[in-house]
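The values are calculated or read from the model by the stated rules, or taken from the named source; none is laboratory data. Predicted model only: the values in this text are computed from it and were never measured. We place every Cβ from the backbone using ideal geometry, glycine too, and count neighbours over all the protein chains shown. Remember, those area values only see protein heavy atoms, side chains included, never the ligands or the DNA or RNA. Shrake-Rupley method; radii C 1.70, N 1.55, O 1.52, S 1.80 Å.
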Amino acid sequence: MRSVELIESWPVPNASAAVISAAGETLAAYGDQDRLYRLASVTKLLTAYAALVAVEEGAVELDDPAGPEGSTVRHLLAHTAGYDFAERTVRAAPGDRRIYSNAGFEVLAEVIAERSGIDFADYVREAVLRPLGMAATDYSGSPAAGASSTVRDLAIFAAELQNPRLLHRATLTEATTVAFEGRKGVLPGFGRQDPNDWGLGFEIRDSKSPHWTGSSSSPQTFGHFGQAGTFVWVDPQAQVACVALTDRDFGPWAAQAWPVFTDAVLSELNESR
């Protein structure tokens, strides 16, 4: 796919990327697939997936109390528990607003560790990384933003997000469907969105504008980007996913380059079908 060559124009020291079909085939690759990059908030996808495994295993339930009074595991995953971005200060009543929160994901990990009796990092390794063969992924530090990984590993994860083996498909469908509809909030790097739609750990594109995916991305597109200059998106309508990792922090360069790149990938795929 020639569209991935657009990455050559990105103002970054290093970049690696892959386009993955719904069947798990790598349709295109760019850069060193085994280079380790900081994921920043893309870490939340791994955390959320492990949390969903914990729900299926019965360690927790989505509607178990967790976090501030009145909040649940579901609220924490959907960024509606009311926590501040970084501090465990409560800024709103549970369910009232979409406040993107690293603190909420840290509390989520603590709750699952307490109720499962397993250190959460170990839970992620045993429930997600090891079964998928993601041996290069380093899940340490904050469960909101501490992991590092490679495109090769995240391509495996992107395939899992299209054809789940570790979760029932109904669970993944629920997680990638809007939770707490109609909530307003700020999408980091892209400003206030009304609504600011999220599923359970997955940001959902819907009709957000501006956005880090493409103008041609379907409303069902879900995923996450990280301040380390990283992203993973899955477009169920196009039946494709994309992983891109860089070693330059997110900024105006990414907000401009990523949508153009995504539109080019989707356009090339449409032309080939």
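As a fraction of the 1.4 Å probe accessible area of the chain, surface on carbon and sulfur atoms comes out at 47 percent. Backbone geometry of segment 128-140 corresponds, through the Karplus equation with coefficients 6.51, -1.76 and 1.60 at θ = phi - 60°, to 3J(HN,Hα) couplings of 10, 5, 5, x, 8, x, 8, 6, 8, 6, 9, 9, 8 Hz, x marking Gly and Pro.
Across segment 1-85, counting alpha-carbon atoms alone, Rg and Dmax equal 18.4, 52 Å.
Multiplying the residue separation of residue 190 and residue 86 by 0.36 nm and subtracting their alpha-carbon distance yields 35.6 nm.
Taking amide H positions as modeled 1.01 Å from N, with prolines and chain starts lacking one, the residues under 5 Å from residue 240 and 5 or more places away or on another chain are 235. Only protein heavy atoms count here; on that basis, with a 1.4 Å probe, residue 272 has an accessible area of about 90 Å². Around the amide H of residue 72, modelled in the peptide plane, lie the amide H atoms of 66, all under 5 Å away and 5 or more residues distant in sequence or on another chain.
In plain terms, the C-alpha convex hull of the chain casts an average shadow of 12.5 nm² when viewed from every direction. Counting pairs of Cα atoms in segment 88-148, how many percent are more than 19 Å apart? That fraction is 40 percent. Within segment 160-207, the trypsin sites (Lys or Arg not before Pro) that combine a DSSP coil assignment with at most 15 other C-beta atoms in a 10 angstrom radius are 165, 184. Charge tally around residue 268: other residues with Cβ under 12 Å, Lys/Arg +1 each, Asp/Glu -1 each, net -1.
For segment 221-231, the Karplus equation 6.51 cos²θ - 1.76 cosθ + 1.60, evaluated at θ = phi - 60°, returns couplings of 4, 9, x, 6, 10, x, 5, 7, x, 10, 7 Hz by residue, with Gly and Pro reported as x. Legend: translational diffusion of segment 136-255 by Stokes-Einstein, Rh = Kirkwood radius over C-alpha pairs, 20 °C, 1.002 mPa s; D = 142 µm²/s.
Grab the DSSP H runs of the chain that are 4 residues or longer, score each as -39,500 (n - 2.57), total them, divide by all residues and round the 222 nm result to the nearest 500 deg cm²/dmol. Walk me through the numbers before you get to the answer.
Details: 7 runs with 80 residues, N = 273.
So the calculated ellipticity at 222 nm is -9000 deg cm²/dmol.
Of the trypsin sites (Lys or Arg not before Pro) in segment 61-158, which ones lie in a loop per DSSP and count no more than 14 other C-beta atoms within 10 Å? Provide the component values of the computation, followed by the final result.
Working: sites: 74, 88, 91, 97, 98, 115, 125, 152; in loops: 88, 91, 97.
Here the sparse-neighbourhood loop sites are 88.
All alpha carbon pair distances within segment 43-157 were sorted into 5 Å bins beginning at 0; the resulting P(r) in whole percents reads 2, 13, 24, 22, 18, 12, 6, 2, 0. Rolling a 1.4 Å probe across the protein heavy atoms gives the chain an accessible surface of 40 Å² per residue.
Any idea what diffusion coefficient segment 221-273 gets from Stokes-Einstein, in µm²/s, Kirkwood Rh on alpha carbon pairs, 20 °C, 1.002 mPa s?
Values: Rh = 11.7 Å.
For the chosen part, D equals 183 µm²/s.
Would you please classify the overall shape of segment 1-40 from the alpha carbon gyration tensor, given that a ≥ b ≥ c denote the square roots of the eigenvalues, rounded means a/c under 1.5, and beyond that prolate means a/b larger than b/c while oblate covers the rest? It is oblate, given that a/c is not under 1.5 and a/b is not larger than b/c. The GluC sites (Glu not before Pro) of segment 29-118 that meet both conditions, a loop assignment by DSSP and at most 14 other Cβ atoms within 10 Å of the site Cβ, are 61, 69, 87.
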